[in-house]
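First comes the structure, then the notes that go with it.
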């Protein structure tokens, strides 16, 4: 009798909860449905953010995040350390290491020989930023860039480190930064996703999982959409043979009606997200081919980004696409360029990587400026951690490798309210520890959100009994790098 009573009470509670949500839920779903014959144009934008307005006036409207997957060597690019060249081959002093953990790849080496960079450094621009000769095009932008040289992270291996940068947690399952921005601010273009991902072809040396641009526990409409090179930029977007645009429209209308019946039966708000995604996919059938078509770009534009910009899937081509998406108000554009994991053969490997990105980054920033977009577009460049000041494996006069190093590394930002022509923070003379003005990953994330008008402590989502945010439980805006 008791169990029967509990079962009946539970049934009534479920019924009450379902019915109490039907009024608003039905209206929300109905707003996503178009009537037969109206076409995609009549469907309102279902990607409105949870915030009615940013928390304060934003400096940037969008982010282009150039993620150098694998961990670029700051000691060969931006963090000039002549002492390493003076002490080249000598063992890393314990007074510098201070017993800090190493990876399993160098933790058992008999010695940790200091490795000075074989590349030449020079100061550039009025700011006097130190940049190596690997990046001649980036050097021209010295007075436009905001360098952060004191970043640090707890993660020492690739997967947790990349996950930490993208989601604010080393453990998989949290929403990515782009998903948080999509959730908070929504989309400014109803015909394209708020969050788009592009990955350089032929450079994958570490796996990049789709969860890195996933929605986690946020509604599924917030997840990033990967655009690929080739005839089908978005998988399964084109109509199958025999399906016309008109029949697709009718199918979506009937499907929305069936989803409404399902919602009334179980009250799951994710049903709304599915219908929204179906409608977005319908509109993307025309908007995606248009944004991916580079045939209308001028010779001058291709020359700006370099010859690889004509090759779909290259970093240069993806940078050009990023500009086109910025023009169309895509909120968060994530470019992944893998291949920076130089445990050995660093000189040859990093030359190749820099050749991929140097001119393209210059082209992107110059192009954005010429079109009046740099002022409200924040460009971010960097990886998941840095590289060690000692050589992994054998050190020779012309060759060396560097292991993962989370204690200090460099990134740069440009435009979108970041302060140009500054270098924030310093490392010690060995390039092993932060010496001044440390910036944690959560501090960087808080600062990026701030530039888009978001208080990182106030954009939250309740899941499994507690409120989550991108910066989790700490993080401070780095005000010194704000314009």
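The values are calculated or read from the model by the stated rules, or taken from the named source; none is laboratory data. The shown structure was predicted, so the numbers you read here are calculated from the model rather than taken from an experiment. For neighbour counting, all protein chains shown are included, and Cβ atoms are generated from backbone atoms with ideal geometry for every residue, glycine included.
Restricting the stretch 444-463 to residues that are free of Cβ contacts under 8 Å to residues at least 40 places away in the same chain and surrounded by fewer than 20 Cβ atoms within 10 Å (Cβ to Cβ), which is nearest to residue 86 (Cα to Cα)? Only one residue fits best here, namely 457.
Those strands (runs of 3 or more DSSP E) of the stretch 394-455 in which at least 2 residues are over 25 Å from residue 361 (Cα atoms), considering only elements entirely within it, cover 434-436. The residues listed here are 344, 401; of these, the one that is free of Cβ contacts under 8 Å to residues at least 60 places away in the same chain, more than 26 Å from residue 288 (Cβ to Cβ), over 18 Å from the mean Cα position of the chain (by Cα) and buried (at least 21 other Cβ atoms within 10 Å of the Cβ) is 401.
Find the residue count for the stretch 302-340, including only residues that are over 10 Å from residue 198 (Cβ atoms) and assigned to a helix (DSSP H, G or I).
Number satisfying all stated conditions: 14.
Here 265, 300 are screened, and the one residue that is loosely packed, with under 15 Cβ neighbours inside 10 Å, modelled with pLDDT of 80 or more, out of contact with any strand residue (DSSP E or B) (no Cβ under 7 Å at 6 or more places or on another chain) and closer than 29 Å to residue 217 by Cβ is 265.
When residue 378 is tested against (1) farther than 16 Å from residue 65 by Cβ; (2) part of a strand (DSSP E or B); (3) in contact with a helix residue (DSSP H, G or I) (Cβ under 6 Å, 6 or more places away or on another chain), just one condition goes unmet, and that condition is (1).
Using the structure shown, decide if residue 233 is under 33 Å from the mean Cα position of the chain (by Cα) and farther than 19 Å from residue 333 by Cβ. No; evaluated as a whole, the condition is false for this residue. So for the stretch 156-163 (the condition being crowded, with 17+ Cβ neighbours inside 10 Å and touching a helix residue (DSSP H, G or I) at 6+ places or on another chain (Cβ under 6 Å)), does at least one residue qualify? Checking the stretch 156-163: not a single residue is crowded, with 17+ Cβ neighbours inside 10 Å and touching a helix residue (DSSP H, G or I) at 6+ places or on another chain (Cβ under 6 Å).
When each of 259, 334 is tested for being outside the structural domain of residue 162 (by TED's automatic domain parsing) and either over 30 Å from residue 70 (Cβ atoms) or crowded, with 20+ Cβ neighbours inside 10 Å (or both), the lone residue that passes is 259.
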